[in-house]
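The values are calculated or read from the model by the stated rules, or taken from the named source; none is laboratory data. None of these values were measured; they are calculated from a predicted model. Methodologically, a virtual Cβ is constructed for each residue, glycine included, from the backbone with ideal geometry; neighbour enumeration extends over all protein chains shown.
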Amino acid sequence: MLFSGYIKTYPLPENYLYGTRDNQALESLAISPDGTRIYIGTENGLQQEDASQSHILMLDAESGEALAEWLYPLEDVDGNGLSELLALDEDTLLTLERAYSRGVGNTIHLFAVDVSKGDSPLAKTPVLALHEGDYGLDLDNIEGMTWGESIDGRRTLILVSDNNFNPRSQPTTQFLVFLVGE
């Protein structure tokens, strides 16, 4: 069932109100499978900090109270940012980093992070890396990620592009679908 409309407002910690970089503020959002926690992430570091580390904030879904915050180290790639989060289970997030650099093109990295340990910065486990031309793909600006329908008993992971309202971007939205599991 889809829902469209206002649900509620959550207060943010003070450092998020004044320290975000231009167009690199809150970019990613995930809800825990049990619906009790909301995870939000900044695309890049805050102005008062190193830009190479994003922030991931965990909120209580009912009250909006900030329960935990972690630094998330970005890969050292020009133009890189944390674009999306997906909760795999109650303690593990799948992160999507994407970058574009002239002469290199688009790159996409997926990582798993375990938030249950409380470590900050978070340790990342590589899941997938895609570079321009891999598998014959002309990668676009991949910034979205969600679970799709199961196929033959296997989950699908869907990645989707964002054209940033750029008329020079590819004329169509790009979807990449992966079978997950055995």
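For the reader, a short list of remarks on this structure follows.
- For Thr146: the one exception among (1) surrounded by 14 or more Cβ atoms within 10 Å (Cβ to Cβ); (2) in a strand (DSSP E or B): (1)
- Count of residues meeting criterion [in contact with a Gly (Cβ under 8 Å, 6 or more places away or on another chain), among the polar types (S, T, N, Q), under 20 Å from Pro126 (Cβ atoms) and part of a loop (DSSP other than H, G, I, E, B)] in segment 34-88: 1
- The residue that is surrounded by the most Cβ atoms within 10 Å (Cβ to Cβ), counting only those in segment 1-46 that are in contact with a helix residue (DSSP H, G or I) (Cβ under 8 Å, 6 or more places away or on another chain) and at pLDDT 75 or above, is Thr42.
- Any hit, segment 130-139, residues being under 19 Å from Pro33 (Cβ atoms) and either among the acidic types (Asp, Glu) or assigned to a strand (DSSP E or B) (or both): no
- Of all the listed residues (Ser101, Ser161), the sole one being within 13 Å of the chain's Cα centre (by Cα), among the hydroxyl-bearing types (Ser, Thr, Tyr), under 27 Å from Ala51 (Cβ atoms) and surrounded by 12 or more Cβ atoms within 10 Å (Cβ to Cβ) is Ser161.
- Qualifying residue in segment 91-106 (condition: over 19 Å from Leu57 (Cα atoms), basic (Lys, Arg) and touching a residue at least 24 places away in the same chain (Cβ under 8 Å)): yes
- Segment 164-182, subset surrounded by 14 or more Cβ atoms within 10 Å (Cβ to Cβ) and of a type outside the set (A, V, I, L, M, F, W, C), residue modelled with the highest pLDDT: Gln174
- For segment 104-114, the set of residues classified as out of contact with any Ser or Thr (no Cβ under 8 Å at 6 or more places or on another chain), in a strand (DSSP E or B) and either surrounded by fewer than 16 Cβ atoms within 10 Å (Cβ to Cβ) or among the aromatic types (Phe, Trp, Tyr) (or both) consists of Gly105 only.
- Residue among Leu93, Leu85, Leu59 that alone is more than 21 Å from Leu130 (Cβ to Cβ) and not polar (S, T, N, Q): Leu59
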